[in-house]
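Report on the following structure.
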Amino acid sequence: MGRRQNVTLHEETIALINEYQEQHHIRYPGEALDRMIGEWEAQKTTDHSQEYLLSLMAQRFQEVFSEEVKRLRLAANRSDKNTQVLLELMNGFAMDQNLESCVTTPIFESQAMKDARQAVEERISHQRQKRISAGETQPASS
């Protein structure tokens with residue numbers, strides 16, 4: 001049983017209630033307003049459920065990928081450290097040899113550079129094969 005309430009509404013609000021009444025074949029504005037508020041309440045509950053679901057998904061994503069991200073970060077740090085060491089060594093070598101200029105690899109690539117590049121590519125390929133083999137032997141996680 002409803003309770004009578006006198007309220008003042010904007011013209012736009014009245015127009016929206018009338019439109020809702022027509023779309024849903026509702027006879028009274030009060031009934032239309034009750035249904036609109038019920039739908040609004042249901043939407044709020046749905047929104048909270050979706051927020052909860054999204055937080056669970058974010059947490060699960062973090063659990064699954066945090067180890068991979070950590071490995072990538074460590075690999076990047078290791079590569080950065082190795083690159084910095086090489087730069088320091090090359091600078092020391094250039095200073096020791098009193099080098100004034102440098103012939104870059106696009107101009108001429110020495111056999112030593114070709115050998116070094118091939119060794120690195122083989123090492124990377126070998127590491128990739130080890131990771132693939134390790135992945136095949138591990139049981140699938142759920």
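Keeping to region 85-142, report how many residues are under 30 Å from F61 (Cα atoms) and not acidic (D, E).
Going residue by residue through region 85-142, those that are under 30 Å from F61 (Cα atoms) are 124-142.
From the residues that got through so far, the ones that are not acidic (D, E) too are 124-135, 137-142.
Going through region 85-142 one residue at a time, the tally reaches 18.
Among the listed residues E136, E88, E122, which satisfies the condition of being modelled with pLDDT of 90 or more, among the charged types (D, E, K, R) and within 30 Å of F65 (Cα to Cα)? Talk me through it step by step, then tell me what you get.
On the way: E136 fails: modelled with pLDDT of 90 or more; E88 fails: within 30 Å of F65 (Cα to Cα).
One residue alone meets the criteria, E122.
Among R35, R3, which is the only one that is modelled with pLDDT of 90 or more and more than 30 Å from M113 (Cα to Cα)? Steps first, please.
Details: R3 fails: modelled with pLDDT of 90 or more.
Exactly one residue qualifies, and that residue is R35.
Checking E109 against (1) surrounded by 10 or more Cβ atoms within 10 Å (Cβ to Cβ); (2) at pLDDT 85 or above; (3) in a helix (DSSP H, G or I), only one condition comes out false. Which one?
The single condition E109 does not satisfy is (3).
Part of a loop (DSSP other than H, G, I, E, B) and either at negative phi or surrounded by fewer than 10 Cβ atoms within 10 Å (Cβ to Cβ) (or both): which single residue out of R78, R3 fits that description? Quick ask: steps written out before the conclusion?
Working: R78 fails: part of a loop (DSSP other than H, G, I, E, B).
Of the residues listed, the single one that is part of a loop (DSSP other than H, G, I, E, B) and either at negative phi or surrounded by fewer than 10 Cβ atoms within 10 Å (Cβ to Cβ) (or both) is R3.
The values are calculated or read from the model by the stated rules, or taken from the named source; none is laboratory data. This is a predicted model, so every value here is computed, not measured. Note that we place each Cβ from the backbone using ideal geometry, even for glycine, and neighbour counts take in every protein chain shown.
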